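Trainee: Before I ask anything, here is the structure I am working with.
The values are calculated or read from the model by the stated rules, or taken from the named source; none is laboratory data. Please read all numbers here as calculations on a predicted model, not as lab measurements. A quick note on method: Cβ atoms are made from the backbone with ideal geometry, for glycine too, and the neighbour counts reach across all protein chains shown. Just so you know, the surface numbers come from the protein's heavy atoms only, side chains and all, with ligands and any DNA or RNA stripped out. Shrake-Rupley method; radii C 1.70, N 1.55, O 1.52, S 1.80 Å.
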Amino acid sequence: MITDERAKWSAADRVWRLASQNLQLLAMLEVLQEHTAADIDHLALATHTTQAFPAQIRQAERELPIDPGGRARDALTTARAKARLLHLLALRANRAQPVTSGQLPRVAQSLRQLADACESLCNWIAAHEEAFEKPDPTEPMPLEAA
């Protein structure tokens, strides 16, 4: 049933949910004292989903804006900054406690990968939205901008 509901979401709905879920995940990780293997799995899934988003957009959806007002880009930018900060904190914590279970370096690496994925998706969205936000009169107009 959840899959059927997701199929009905527009690209704009999906990118906003993805961006806000990344931000929520990072906010939860920020207050945790102990990192677990489950955290790494969640970070890996968030990274994979974020990287896969552009390929999941159907051709028809490319003719419409997917981030009106830039709210998904704002959330992705915040998620990227938060992931980079948590990455640095994880690296510092690992240096301060050299005897660890080995999970902290993996969490740090996953945080860096999620930060990079958020940045890439934010850049892709910005390039996609440019035709709607700053139309070029020499190029064919997308449906929504026309």
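Trainee: If I fit a long axis through the Cα atoms of helix 37-56 and take the longest principal axis of the Cα atoms of the chain, what angle between them do I get, 0 to 90°, rounded to 10?
Mentor: Tilt relative to the chain: about 20 degrees.
Trainee: Taking the Cα centre of the chain as the origin and placing charges on Cβ (Lys, Arg +1; Asp, Glu -1), which of PRO135, ASN123, ALA37 is farthest toward the positive end of the dipole?
Mentor: So the residue we want is ALA37.
Trainee: Right, something else. In what sequence, largest accessible area first, do TRP9, TRP16 appear using a 1.4 Å probe?
Mentor: Details: TRP9 60, TRP16 80 Å².
From most accessible down to least: TRP16, TRP9.
Trainee: Can I get the semi-axes of the range 4-76's equivalent ellipsoid? Compute them from the C-alpha gyration tensor as square roots of 5 times the eigenvalues, in angstrom, largest first.
Mentor: Details: eigenvalues 140, 37, 18 Å².
Over the Cα atoms of the range 4-76, the semi-axes work out to 26, 14, 9 Å.
Trainee: So what's the angle, to the nearest 10 degrees on a 0 to 90 scale, between helix 71-96 and the longest Cα principal axis of the chain?
Mentor: Helix 71-96 sits roughly 20 degrees off the main axis of the chain.
Trainee: Once Kirkwood radius over Cα pairs in Å is worked out from the coordinates, which option in [x] 15.6; [y] 16.5; [z] 17.4 does it equal?
Mentor: Among [x] 15.6; [y] 16.5; [z] 17.4, the one calculated here is [y].
Trainee: Let me ask something additional. In the full protein assembly as shown, how much of LEU18 is accessible to a 1.4 Å probe, in Å² to the nearest 10?
Mentor: Its heavy atoms expose roughly 10 Å² to the probe.
Trainee: If you fit an axis through the alpha-carbon atoms of helix 103-133 and take the longest principal axis of the Cα set of the chain, what angle between them do you get, 0 to 90°, nearest 10?
Mentor: 10 degrees
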